[in-house]
Amino acid sequence: MRRLSLMFPVSLLLASNAGAQTQQQPQTEPGAVSQVQVTAETPPFQFRDYEAEAISGGYKMSNGWRMKVDPSADGIVAQINKRHPIRLVAVSRDMYVSRDGSVAMEFNRGPLGEDMSMSYAPESRSAERIVVTSTLAQR
């Protein structure tokens, strides 16, 4: 009989802990329906030659460099000072990126649309990106 009297308080203790471990599920209104929206994939950007011609010309960079931008078949060719030209592909009307992703240029910025921002990864092995701004100097 002594064993039964010890089991009863232990069973009450276990029952009270079991109630604390259960979680209530969120209540939903009767008839509530979940919705999922699926959108179609956006088509790739269609590059037009005249878009690159509109941004071509000379740019005076904020760090003292000078950049010349010329249109190409699928984007632009940018040459900074007398360095090797960089080919950039159009990804939107105002955004051009090098094929390796190390250089990105965004045009038609600022209140008059004559500003440009260029970001690039220096040749070091760090995750650094440098941003240089510019204003159109000549067309």
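Laboratory data are not the source of any read-out in this text; all were calculated from the coordinates shown. The structure presented is a predicted model; accordingly, all values stated were derived computationally and were not measured. Cβ coordinates were reconstructed from backbone atoms using ideal geometry, including for glycine residues, and neighbour counts include every protein chain displayed.
Once you keep just the Cα pairs under 8 angstrom separated by 6 or more residues, what percentage relative contact order results for region 49-138? Don't jump to the answer; show the numbers that get you there.
Details: 187 pairs, mean separation 20.6, N = 90.
Relative contact order for region 49-138 comes out at 23 percent.
Overall form of region 62-113: oblate. Here a/c, set by the Cα gyration tensor axes a ≥ b ≥ c, is 1.5 or more, and a/b is not larger than b/c.
May I ask you to give the average projected area over all directions of the convex hull of the Cα atoms of region 49-138, in nm² rounded to one decimal? Don't jump to the answer; show the numbers that get you there.
Numbers: hull surface 23.3 nm².
Averaged projected hull area, Cα only: 5.8 nm².
Going from the residue with the fewest nearby Cβ atoms within 10 Å to the one with the most, THR133, THR39 rank THR39, THR133.
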